[in-house]
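Structure, as structure tokens:
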Amino acid sequence: MKKIILVTGGNRGIGLGICKELAGQGHTVLLGSRTLDQGVSAASSLAGEIQVLKLDVTEEADIVRAVKYITDHHGQLDVLINNAGIISTGTGATFSEAREVKRVMETNFYGAWRVAQLMLPLLEKSREARIINMSSGMGALDDLDGGYAAYRMSKSALNALTILLANELRGKISVNAMCPGWVRTEMGGADASRSIEQGADTAVWLATAEKIPTGKFFRDRKVISW
Ligand code: NAP
């Protein structure tokens with residue numbers, strides 16, 4: 001079944017990899033990009049049905065405009081992939097500044113939350129809606145060590161949000177989080193162990209598989225610990 005799928009942060013990295021695969025499978029991909037130029041340029045490298053939306057997840061006006069666009073052109077949204085994210089400085093909790101925590105939370109946590117909230121009426125119009133939150137094993141509660149405190153906390157919070165939404169929306173919309181592994185992108189760096197295609201795989205699977213659970217945390221299509 002052809003789906004209408006919104007990917008935030010779709011202009012590069014894992015997000016672009018997800019857009020490429022989903023458009024290649026014949027879905028309608030709404031590629032969210034913080035800057036329109038970069039989204040348009042990224043989309044020009046892809047085949048399939050891609051529509052670019054200017055969508056900075058920290059800008060309420062952008063989210064509202066995206067909701068209006070999807071309402072006017074599609075009337076519903078089948079899958080929301082909250083992929084946009086930023087990394088924090090490498091410091092641990094002892095040295096992390098509250099300012100840095102707020103900066104990272106604004107995108108990785110509040111951004112994903114607000115996009116999900118405002119897209120909800122459109123998702124509720126789909127017969128089988130899904131929300132996929134791009135989290136990280138670095139936010140898993142049994143792995144809160146090794147620096148990047150602000151980033152880790154933002155992903156732990158995103159995981160908590162995933163569970164809350166999954167419980168509240170049970171029976172209507174499935175909500176899951178996933179970790180892509182360590183991926184060769186601007187964020188992951190050149191030494192990372194995985195290709196963008198490998199990092200994108202679980203998101204593509206969660207978006208398109210016939211039956212998926214809700215309220216789980218995945219890596220490599222398998223449930224992992226929160
Ligand atoms: P990336 O190459 O740095 O790309 C990040 C994407 O997010 C870019 O498109 C960026 O847009 C976008 N973005 C950042 N802030 C945004 C905002 N306020 N509004 C909209 N878009 C915004 O990173 P990546 O490796 O592909 O990461 C994608 C996701 O996977 C992130 O959530 C990340 O935390 C997660 N993840 C990555 C790894 C890894 O090893 N790479 C591991 C675990 C989890 P601009 O181009 O405008 O900056």
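Key figures for this structure:
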read-out: Every residue from segment 129-163 that is closer than 16 Å to VAL115 by Cβ, touching a Gly at 6+ places or on another chain (Cβ under 9 Å) and of a type in the set (A, V, I, L, M); value: MET134, ALA157, LEU158
read-out: ALA61 more than 10 Å from the ligand (Cβ to nearest atom) and either touching a residue at least 40 places away in the same chain (Cβ under 8 Å) or crowded, with 20+ Cβ neighbours inside 10 Å (or both); value: no
read-out: Residue in segment 193-211 that is among the basic types (Lys, Arg), within 12 Å of the ligand (Cβ to nearest atom) and modelled with pLDDT of 95 or more present; value: yes
read-out: Test: GLY146 is open to solvent by less than 80 Å² (accessible area, probe 1.4 Å), over 18 Å from ASN83 (Cβ atoms) and part of a loop (DSSP other than H, G, I, E, B); value: yes
read-out: Which numbered condition VAL79 fails, given (1) more than 20 Å from LYS155 (Cβ to Cβ); (2) within 13 Å of the ligand (Cβ to nearest atom); (3) in contact (Cβ under 8 Å) with a residue 40 or more places away in the chain; (4) within 14 Å of the chain's Cα centre (by Cα); value: (2)
read-out: Check on ILE70, without any contact (Cβ under 8 Å) to a residue 40 or more places away in the chain and either open to solvent by less than 50 Å² (accessible area, probe 1.4 Å) or under 15 Å from MET134 (Cα atoms) (or both); value: no
read-out: Meets criteria (surrounded by fewer than 21 Cβ atoms within 10 Å (Cβ to Cβ), more than 13 Å from the chain's Cα centre (by Cα) and under 17 Å from GLY9 (Cα atoms)) for ARG184; value: yes
read-out: Residue in segment 77-93 that is of a type in the set (Asp, Glu) and touching an Asp or Glu at 6+ places or on another chain (Cβ under 6 Å) present; value: no
read-out: Per-region count, segment 17-52, residues more than 10 Å from the ligand (Cβ to nearest atom), open to solvent by 10 Å² or more (accessible area, probe 1.4 Å) and under 25 Å from THR202 (Cβ atoms); value: 15
read-out: Within segment 82-128, considering residues that are touching a residue at least 60 places away in the same chain (Cβ under 8 Å), touching a Gly at 6+ places or on another chain (Cβ under 9 Å) and closer than 21 Å to LYS216 by Cβ, the one nearest to the ligand (Cβ to nearest atom); value: GLY85
read-out: Long-range neighbours under 6 Å by Cβ, at least six apart or interchain, first residue within 19 Å of SER225 (Cβ to Cβ) within segment 159-177, second open to solvent by 50 Å² or more (accessible area, probe 1.4 Å) and part of a helix (DSSP H, G or I); value: LEU161/TRP113
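The values are calculated or read from the model by the stated rules, or taken from the named source; none is laboratory data. Since the model is a prediction, treat every value here as computed from it, not as a measurement. Here Cβ is always computed from backbone atoms with ideal geometry, including for glycine, and neighbour counts include all displayed protein chains. In case anyone asks, the SASA skips ligands and DNA or RNA and just uses the protein heavy atoms, side chains included. Shrake-Rupley method; radii C 1.70, N 1.55, O 1.52, S 1.80 Å.
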